[in-house]
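The values are calculated or read from the model by the stated rules, or taken from the named source; none is laboratory data. What you are looking at is a predicted structure, and each value in this text was computed from that prediction instead of being measured. In this analysis, Cβ positions are derived from the backbone assuming ideal geometry, glycine residues included, and neighbour counts consider all displayed protein chains. In case anyone asks, the SASA skips ligands and DNA or RNA and just uses the protein heavy atoms, side chains included. Shrake-Rupley method; radii C 1.70, N 1.55, O 1.52, S 1.80 Å.
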Amino acid sequence: MSIPAFGLGTFRLKDDVVKASVATAVELGYRAIDTAQIYDNEAAVGDALAESGVAREELYITTKIWIENLAADKVIDSLKESLRKLKTDYVDLTLIHWPSPNQAVSVAETMHALVEAKKMGLTREIGISNFTVALMQEAIDAVGADQIATNQIELSPFLQNQTVVDFARHNGIAVTSYMTLAYGDALKDATIIAIAARHNATPAQVVLAWALQLGYAVIPSSTRRENLQSNLLAQQLALTDADMQQIAALERNGRLVSPEGLAPDWD
C-alpha cells in the first residue's frame, strides 16, 4: 500500500479549530493529512502545514474533488485552486469525493481528467471515495486498477462493507476507512470496551487497531491533544484472533453517511 496507513481526518473541522488540530497532530508525528474541497478548510490546513516547519516531502496530503468539479473542464482548475489554498505545488492523493449524482458526469470522464492532473504533476496519486463495486468497475475500465490508489469508504465495526472490500482487494486497490469510530458509537460498545480493558487500551485504540490489522488505512480526527496522541498508539496494539472475531460479529450494516441525492445505490 503506497498510502500511509495512519493519517489525520479533518471532516467538520474549520478555521482555527482545524488549524490547531493539524498543528498538534503534526507536532505529535502525524504526516498524512486528509481534507477535501467541500470541507472548506483547505486554506486553514495549508496554513497549519506551512507553519509546522515540516518539509513538504515528509507530508502526505489528500484532497477530494467535489461533485460540482467532476467535469473534465473543471477537475484540473479546481485542483489548482486546492493547491493554492493548501500552499503546495502538488498533493499526494486526489480522490473523487462522491460519484456524480445521477451520473451527470461519467466516472470515466473524471478519471481521465485525474490521470491528466497526475501527468501534470498536480497530484502524485489518484483514487476514489464512496464508490460501490459497480462504480469501482467503471473506474477500472476507464483507467486501469493500477491507477487507483484507494477507495475511501465508510467502514466501522458496525459497517464492515465486506463486498466492496473484497472487490477492491481482488483488484489490488487499497481501502481507506473513514468514520472508523462510527461517530464515537463504537467507543460505547460493550464488546469493544471489554477488549480494551483486556489490553489496557482505549476503545478508540482497539477499533483503530482492528482496522489496521485488516489492512485498511485510517484517518481519525480529533481536536484534543490527548486523543490525537492516544490514537497514534493504536499502531502498536496487537489484537488476538479472538478479539478480531468478536469485533467482526458486530456487523449490522450500520451506515451513518448516506446523503440524500448524493449517495449511490450501496452494495
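Among the candidates ALA55, ALA25, the residue that is over 18 Å from ASN151 (Cβ atoms), over 19 Å from the mean Cα position of the chain (by Cα) and of a type in the set (Gly, Ala, Ser) is uniquely ALA55.
Identify, please: which residue in the range 134-154 is in contact with a helix residue (DSSP H, G or I) (Cβ under 7 Å, 6 or more places away or on another chain) and not in a helix (DSSP H, G or I) and is, among those, farthest from GLY215 (Cα to Cα)? This residue is ILE148.
The criterion of being in a loop (DSSP other than H, G, I, E, B) and either within 27 Å of VAL75 (Cα to Cα) or open to solvent by 20 Å² or more (accessible area, probe 1.4 Å) (or both) holds for PHE131. Against the criterion of being open to solvent by 40 Å² or more (accessible area, probe 1.4 Å), under 24 Å from PHE131 (Cβ atoms) and out of contact with any Cys (no Cβ under 9 Å at 6 or more places or on another chain), ILE96 does not qualify. I'd like to know if the range 212-224 contains one or more residues that are open to solvent by 20 Å² or more (accessible area, probe 1.4 Å), of a type in the set (Lys, Arg), at pLDDT 95 or above and outside any helix (DSSP H, G or I). There is at least one residue in the range 212-224 that is open to solvent by 20 Å² or more (accessible area, probe 1.4 Å), of a type in the set (Lys, Arg), at pLDDT 95 or above and outside any helix (DSSP H, G or I). Is it true that ARG169 is at pLDDT 95 or above and under 21 Å from the mean Cα position of the chain (by Cα)? Against the criterion (at pLDDT 95 or above and under 21 Å from the mean Cα position of the chain (by Cα)), ARG169 qualifies. It is to be established whether one or more residues within the range 186-208 are under 16 Å from the mean Cα position of the chain (by Cα) and either more than 17 Å from SER21 (Cβ to Cβ) or hydrophobic (A, V, I, L, M, F, W, C) (or both). Checked against the condition, which is being under 16 Å from the mean Cα position of the chain (by Cα) and either more than 17 Å from SER21 (Cβ to Cβ) or hydrophobic (A, V, I, L, M, F, W, C) (or both), the range 186-208 yields at least one hit.
Could you check the range 102-121 and list, in sequence order, the residues that are within 16 Å of ASP146 (Cβ to Cβ) and either at pLDDT below 95 or open to solvent by 80 Å² or more (accessible area, probe 1.4 Å) (or both)? Passing the criteria: HIS112, LYS119. Kindly establish whether VAL175 is outside any helix (DSSP H, G or I), touching a residue at least 24 places away in the same chain (Cβ under 8 Å) and not aromatic (Phe, Trp, Tyr). So VAL175 passes the test.
Checking GLN235, GLN246, GLN160 one by one, the residue that is open to solvent by 30 Å² or more (accessible area, probe 1.4 Å), of a type in the set (S, T, N, Q), within 23 Å of ALA149 (Cα to Cα) and modelled with pLDDT of 95 or more is GLN235 and no other.
Is it the case that the range 48-62 has a residue that's open to solvent by 30 Å² or more (accessible area, probe 1.4 Å), of a type in the set (Asp, Glu) and in contact with a Leu (Cβ under 7 Å, 6 or more places away or on another chain)? Checking the range 48-62: not a single residue is open to solvent by 30 Å² or more (accessible area, probe 1.4 Å), of a type in the set (Asp, Glu) and in contact with a Leu (Cβ under 7 Å, 6 or more places away or on another chain). Give all pairs with beta carbons closer than 7 Å in which a residue from the range 188-211 that is in a loop (DSSP other than H, G, I, E, B) meets a residue that is aliphatic (A, V, I, L, M); count only pairs at least 6 apart in sequence or on separate chains. Close Cβ pairs (under 7 Å, with a partner that is aliphatic (A, V, I, L, M)) amount to ASP189/LEU250; ALA201/LEU237; THR202/ALA196.
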